[in-house]
Amino acid sequence: MSLSEAAGRRRGGSGQPPGTSTRAKRLTPAALQGRVFAAFDTATSVPQTVSIALGAVLVAVVPYGILLAAIVVVSVACGTWLVTRRAEAQSASVEAALPAQ
């Protein structure tokens with residue numbers, strides 16, 4: 001959960017980044033606001049509902065230890081990928097800062 005989602009949930013919202021509804025209200029004609037907000041709410045809440053349902057099915061079918069191991073493997077793989085990309089980005093920025101010869 002991102003920081004903006006946590007802030008949105010704490011204030012009782014749908015977990016959208018702050019200012020999303022204000023911007024949508026400003027950009028949407030008054031006659032269409034109900035439809036736009038219904039579509040926006042559906043588009044943002046359905047994926048969360050599906051993920052909760054999928055998680056419930058996984059917990060019912062797959063043993064918890066295997067799910068936990070899968071979470072660890074995926075988290076380590078993602079962390080490794082991010083760390084290696086940071087190193088590549090830093091070396092690229094250093095090379096870009098060097099004067100051309």
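Read-outs throughout are calculated quantities, based only on the coordinates presented, and are distinct from any laboratory measurement. Fair warning: this is a prediction, and the values are worked out from it, not measured in the lab. Every residue, glycine as well, gets a Cβ built from its backbone with ideal geometry; the counts of neighbours run over all protein chains shown.
Find how much the distance from A69 to R35 grows on full extension, using 0.36 nm per residue of separation minus their present alpha carbon separation; answer in nm with one decimal. Before the final figure, lay out the partial values.
On the way: separation 34, 0.36 × 34 = 12.24 nm, distance 4.31 nm.
Here the segment from A69 to R35 would lengthen by 7.9 nm.
Let's test the formula: R0 of 22 Å, r as the Cβ-Cβ distance of T80 and S51. What FRET efficiency results, to the nearest 0.05?
Details: r = 24 Å, r/R0 = 1.09.
Approximately 0.35, to the nearest 0.05.
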